[in-house]
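Readers should treat all values here as calculations from the given coordinates under stated rules, not as data from a laboratory. Because the structure is a prediction, the values reported are computed rather than measured. Ideal geometry is used to build each Cβ from the backbone, glycine not excepted, and the neighbour counts take in all protein chains shown.
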Amino acid sequence: MSKHAPAPDLALATQQIHHPYQAPEGWAAHPVGVFKASTVLFKNTADLHQYRPRDGKSYRYGLHGTPTSYTLGARIAGLEGAEHCLLVPSGLAAVTLVSLSFLRPGDEVLVPDNVYGQNRYLSESLLPQFGIQHHFYDPLDVAGFSALISERTKLVWLEAAGSITLEFPDLIGLLRVCRERGITTVLDNTWGAGVAFKAFDLLPDSEPGLGVDISMHALTKYPSGGADVLMGSVCTRDLALHERMNYMHEHLGYGLGQNDVELVLRSLPTLELRYRAQDATTRALAAWMQAQPAVAQVLHPALPGSPGHAHWREVSSGGAACLFSVVFQPRYSAAQVDAFVDALQFFGIGYSWAGPMSLAVPYNMSRSRSLGLPYREGHLVRFAIGLEAEADLRADLAQALEVLKD
Ligand SMILES: *Cc1c(COP(=O)(O)O)cnc(C)c1O
């Protein structure tokens, strides 16, 4: 329990550990208590009748928050450099919360072509049922993006780096256009996790304040870190945007299990440490894979030559997430690439990422892009690197590549 509120310029890890938290009277320990309730008791009927706005301090019903979840919300806001935070039961719930809060019949939303798959399906299949249209844009083409904007455009999704193909968008260029046109922007910040760049202050030295309006985060990934919790958050600095999302949040009935909230609180102090350790292993393995004859291309924003590398450098504070994708030489069939994945011993086959276990998933990209791919041809495997030793993972990749020897 820190005596003073931490200075905002503290290193992330220090900030997450030395965070002000009021333990119950007579109790002194820094872990946050787990408070659970459906019913929250009122002192008397006058207290019950009194209107209590959900301000992160007052309580009305367990669905809306407890001291445990409000503490997590405050810490996630601190991690992202925001003022306000709403917690929801999954990353996807955070995506739908934002889109449903800002889009109405007749409106349009712009979505990057490499957006998280479920966000793509939301725009393609669910939103049209409410009379909401979408356009996919190339996140590296600011001019093409500008041309898609009309007076019906009410929301722009951004994702840095994008899913699977990991192009890093021209964030600065795209945000300047949105700012000029007065359009609300929301970033899926799961990859950056508050560590790789500052979503609300992308160029703190040259252009303070250039940043996104809203940051959405799948806490399922780094903030959990254990591959055992599903949760999401939506952060903003703008009270009016927060209140609009809070209104939708209350209508949708998004509640959280407080044991899950506790797990995320427990993982936050090691978030930056894990992010940087996984980053180091990921870069080493990505570079090693790039040198293998079976590999046509490795996609990872920190690798020079990877699509959007210059844009990553522009905003980066040095970090990159634990993901890279490998495009195999086109001479290998999908079945051969599957056989390579099956031959891996230390890589689980399954979705999600940022947990302790490394994962590998082959993707058929032809079904999930409208505007083309950042490579000519070849089957792709997306790797998520966990916390295993780099040498063990490298040896595993090497033995599995034997499957692809001609
Ligand atoms: C995992 C993920 C989500 C969704 O999170 P869930 O908790 O699995 O629903 C959203 N965006 C990105 C970029 C993700 O990786």
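Could you state the angle between the C-alpha long axis of helix 390-401 and the longest principal axis of the C-alpha atoms of the chain, as a value from 0 to 90 degrees rounded to the nearest 10?
Helix 390-401 sits at roughly 40 degrees to that axis.
Just from the alpha-carbon atoms, what are the Rg and Dmax of segment 45-269 in angstroms?
17.3, 59
Which value in Å is the Kirkwood Rh of the chain over different Cα pairs? Before the final figure, lay out each step's value.
On the way: mean 1/r = 0.0450 Å⁻¹.
This gives a value of 22.2 Å.
Just how large is the dipole of segment 271-404 about the Cα centre, in debye to the nearest 20, putting +1 at every Lys and Arg Cβ and -1 at every Asp and Glu Cβ? Kindly include the intermediate steps, with their values, before the conclusion.
On the way: 10 positive and 11 negative charges, 90 e Å.
Roughly 440 debye for segment 271-404.
Which of the peptides 345-354, 320-329 is most tightly packed, and how do the rest follow, going by the mean number of other Cβ atoms within 10 Å of each residue?
Ranking the peptides 345-354, 320-329 by packing returns 320-329, 345-354.
What is the Rg over Rh value, at two decimals, for segment 88-184, using alpha-carbon atoms and the Kirkwood definition of Rh?
Rg/Rh for segment 88-184 comes to 0.94.
What do you get when you divide the Cα radius of gyration of segment 271-404 by 2.2 N^0.38 Å, with N the number of residues?
Rg over 2.2 N^0.38 Å, computed on Cα atoms: 1.01.
Let me know the whole percent of all Cα-Cα pairs from segment 40-112 that are separated by more than 20 Å.
I get 48 percent for the Cα pairs in segment 40-112 exceeding 20 Å.
Please check: in the Gaussian network model of the chain (C-alpha springs, under 10 Å), which one of Q290, Q22, Q50 has the largest mean-square fluctuation.
Q50
For segment 45-269, build the charge dipole from Cβ charges (+1 Lys, Arg; -1 Asp, Glu) around the Cα centre, then report which of L140, T185, T220 sits farthest towards its positive end.
Projecting each Cα onto the dipole axis, the largest value belongs to T220.
Using only the alpha-carbon atoms, how far is helix 271-290 inclined from the longest principal axis of the chain? Give it as 0 to 90 degrees, nearest 10.
10 degrees
Place a +1 charge on the Cβ of each Lys and Arg in segment 45-269 and a -1 charge on the Cβ of each Asp and Glu, then give the dipole magnitude about the Cα centre in debye, rounded to the nearest 20. The partial results should precede the final answer.
Numbers: 17 positive and 26 negative charges, 124 e Å.
Using only the charged Cβ atoms, the result is roughly 600 debye.
Report the equivalent ellipsoid semi-axes for segment 243-341 in whole Å, largest first, defined as the square roots of five times the eigenvalues of the gyration tensor built from alpha carbon atoms.
Numbers: eigenvalues 253, 73, 55 Å².
After scaling each eigenvalue by five and taking roots: 36, 19, 17 Å.
What does the highest-first list of 265-276, 208-219 look like by mean Cβ count within 10 Å?
On the way: 265-276: 18.9, 208-219: 24.1.
Highest mean packing first, the order is 208-219, 265-276.
Taking the chain as the reference, fit the longest principal axis to its C-alpha atoms, fit the long axis of helix 67-80 to the helix C-alpha atoms, and give the angle between the two in degrees, 0 to 90, nearest 10.
Here the helix axis deviates by roughly 50 degrees.
Could you grab the relative contact order for the chain? Cα pairs under 8 Å, six or more apart, rounded to a whole percent.
Relative contact order here is 16 percent.
Which value results when the Cα radius of gyration for segment 124-173 is divided by 2.2 N^0.38 Å?
Dividing the Cα Rg of segment 124-173 by 2.2 N^0.38 Å gives 1.25.
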